[in-house]
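Chemist: Let me begin by handing over the structure; questions about it come next.
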Amino acid sequence: MADKILVVSDSHGNNVNLHKAISVFGPRGEQLSMLIHLGDIQGSLESIQHFVDCPVVAVGGNGDFSPDLPGTKLISIGKEKALLTHGHRYGCKMGTETMEELAKANGASLVLFGHTHMPMIEDSEGIKVMNPGSISFPRQAGHRPTYLVITVEEDEHLEFAIVAM
């Protein structure tokens, strides 16, 4: 059976839609192997961890002040290495080049970031760059909250899907 990873960003202390997204995978996210939050939690990490039974990995955003949240983190997803960041430290509103360079320098083929409140999935010179958008305060046309689902197949092939609520 494939593993599912829920990726969210920019909840800004409003966890109503986060709860809804988790419940798609069971009341406590029982079908999830991991929850990734890409910053601007604006609450404690524990406030999210108690919603789910899976591991929670998070990085800090410009609205987070917890010393427990690193600005950048590298993790493994299937056979791939992913760079997690909120993006504000790397000028993500002006482009993703700096994050892509950092990913390459660290042997990562995935960049997951937030901050813009705009969902995206793009391929750039061997690096897949993704933003789940905002789970609480979307800025794209239609203003529907979004999240990203990463499916890790049994052969460790990765599938990516932006989901609008």
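Read-outs throughout are calculated quantities, based only on the coordinates presented, and are distinct from any laboratory measurement. Computed from a predicted structure; not experimentally measured. Because the Cβ atoms are built from the backbone with ideal geometry, glycine has one as well, and the counts that use them run over all protein chains shown.
Chemist: On a full-extension model of 0.36 nm per residue, what is the gain between PHE65 and LYS79, subtracting their alpha-carbon distance, rounded to one decimal in nm? Walk me through the intermediate numbers first.
Modeler: Numbers: separation 14, 0.36 × 14 = 5.04 nm, distance 3.19 nm.
Gain on extension, PHE65 to LYS79, equals 1.8 nm.
Chemist: Now for a different question. So, by mean Cβ neighbours within 10 angstrom, what's the order for 109-117, 154-162 with the highest one leading? Present the calculation step by step, with values, prior to reporting the outcome.
Modeler: Working: 109-117: 23.9, 154-162: 12.6.
My ranking of the peptides, most packed first, is 109-117, 154-162.
Chemist: Under the definition of Cα pairs under 8 Å and six or more residues apart, what whole-number percent is the relative contact order of the chain?
Modeler: Details: 405 pairs, mean separation 39.9, N = 165.
Dividing the mean separation by the residue count of the chain yields 24 percent.
Chemist: Continuing with this model, one more query. Roughly how many Å is it from the Cα centre of the range 103-165 to that of the range 39-82, as a whole number?
Modeler: 15
Chemist: Also, quick follow-up: Within a Cβ distance under 12 Å of GLY95, other residues only, what is the Lys/Arg minus Asp/Glu net charge?
Modeler: Details: positive: LYS93; negative: GLU97, GLU100, GLU101, GLU122.
Here the count lands on -3.
Chemist: If you restrict to DSSP beta bridges whose two residues both lie in the chain, what percentage is antiparallel, to the nearest 5? Can you show the working numbers first?
Modeler: Numbers: 24 of 38 bridges.
If we restrict to bridges inside the chain, about 65 percent are antiparallel.
Chemist: Let me ask something additional. Sorted by packing (mean other beta-carbon atoms within 10 Å per residue), highest first, where do 80-88, 133-141 land? Before the final figure, lay out each step's value.
Modeler: Details: 80-88: 23.3, 133-141: 19.3.
So the peptides 80-88, 133-141, ranked by packing, come out 80-88, 133-141.
Chemist: Let me ask another. Taking the Cα centre of the chain as the origin and placing charges on Cβ (Lys, Arg +1; Asp, Glu -1), which of ASN106, HIS157, CYS92 is farthest toward the positive end of the dipole?
Modeler: Value: CYS92.
Chemist: If you take every residue apart from GLY126 with its C-beta less than 13 Å away from the C-beta of GLY126, what net charge results, scoring Lys and Arg +1 and Asp and Glu -1? Intermediate results must be reported in sequence, preceding the final value.
Modeler: Details: positive: LYS81, LYS104, LYS128; negative: GLU80, GLU100, GLU101, GLU122, ASP123, GLU125.
Spelling it out: positives minus negatives among the neighbours equals -3.
Chemist: Below 12 angstrom from the Cβ of PRO70, what's the summed charge of the other residues (Lys, Arg +1; Asp, Glu -1)? Walk me through the numbers before you get to the answer.
Modeler: On the way: positive: LYS73, ARG89; negative: ASP64, ASP68.
Computed value for this residue: 0.
Chemist: Do you know the Lys pair count in the chain for C-alpha distances under 23 Å, with sequence separation 8 or more or different chains?
Modeler: Lysine pairs, 8 or more places apart or on different chains, close enough: 16.
Chemist: Dividing the alpha-carbon Rg of the chain by 2.2 N^0.38 Å yields what? Mind showing how you got there, number by number?
Modeler: Values: Rg = 14.4 Å, N = 165, 2.2 N^0.38 = 15.3 Å.
Relative to the 2.2 N^0.38 Å estimate, the chain comes out at 0.94.
Chemist: Run the helix sum for the chain: -39,500 (n - 2.57) per DSSP H stretch of 4+ residues, divided by residue count, reported at 222 nm to the nearest 500 deg cm²/dmol.
Modeler: On the way: 3 runs with 22 residues, N = 165.
Taken over the chain, the calculation gives -3500 deg cm²/dmol.
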